[in-house]
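The values are calculated or read from the model by the stated rules, or taken from the named source; none is laboratory data. Keep in mind it's a predicted model, so treat the numbers as computed, not measured. Neighbour counts run over all protein chains shown; Cβ positions are idealised from the backbone, glycine included.
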Amino acid sequence: MTADLPDYYFRVRENGAVVFRVGTENRQRRIEMVEIATVNVKNGNIKPHGEAELTAADRAAIGEWLAARQAQLAAREVDDILRTVDHLNLTTQWAQSRATDAQLEAVTDALLLAMHDLRSMLVRRKADRLGKATD
């Protein structure tokens, strides 16, 4: 099992990760994880942990992980929005076919305001993009 372990382990947290160097080069062949850095996914900052000095290999591995993580999060964000579109369609079907008057009364104002806000922003952003395209 230890031969298959990666050199680094990234403990994901809300805004990035804590980076550990993984090792088994000890007498007991136990897995050792030494914290070496923290990474901020939003701004790309890499901060060594304590007195740890990052090698070029450490920085390269962290940079590769950071790029892959940022791409993964961007893809998830788009997927979440597409799921929201599906959910809006399901909500429309529910409102048309199954919702009671009381249920509609409970959700209509909140839905209308949220949809109005979303529509207004999307129209503005589309107009901005079209304006840039014609310039």
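Residues that are over 23 Å from the mean Cα position of the chain (by Cα) and surrounded by 11 or more Cβ atoms within 10 Å (Cβ to Cβ): does region 43-53 have at least one? So that I can check it myself, show each step before the final result.
Of the residues in region 43-53, the ones over 23 Å from the mean Cα position of the chain (by Cα) are 49-53.
Then keep just the ones that are surrounded by 11 or more Cβ atoms within 10 Å (Cβ to Cβ); that gives 49, 52.
Yes, some residue in region 43-53 is over 23 Å from the mean Cα position of the chain (by Cα) and surrounded by 11 or more Cβ atoms within 10 Å (Cβ to Cβ).
Just a yes or no: is a residue in region 87-104 surrounded by 10 or more Cβ atoms within 10 Å (Cβ to Cβ), among the charged types (D, E, K, R) and at negative phi?
Checked against the condition, which is being surrounded by 10 or more Cβ atoms within 10 Å (Cβ to Cβ), among the charged types (D, E, K, R) and at negative phi, region 87-104 yields no hits at all.
Got a number for residues in region 4-35 being touching a residue at least 24 places away in the same chain (Cβ under 8 Å), surrounded by 12 or more Cβ atoms within 10 Å (Cβ to Cβ) and more than 22 Å from the chain's Cα centre (by Cα)?
The qualifying residues number 4.
For A99, work out the one condition from (1) modelled with pLDDT of 95 or more; (2) assigned to a helix (DSSP H, G or I) it doesn't fulfil.
(2)
Given the criterion in a loop (DSSP other than H, G, I, E, B), under 19 Å from A17 (Cβ atoms) and either of a type in the set (K, R) or touching a residue at least 60 places away in the same chain (Cβ under 8 Å) (or both), identify the matching residue among K47, K42. Steps first, please.
Numbers: K47 fails: in a loop (DSSP other than H, G, I, E, B).
Sole residue among the options that is in a loop (DSSP other than H, G, I, E, B), under 19 Å from A17 (Cβ atoms) and either of a type in the set (K, R) or touching a residue at least 60 places away in the same chain (Cβ under 8 Å) (or both): K42.
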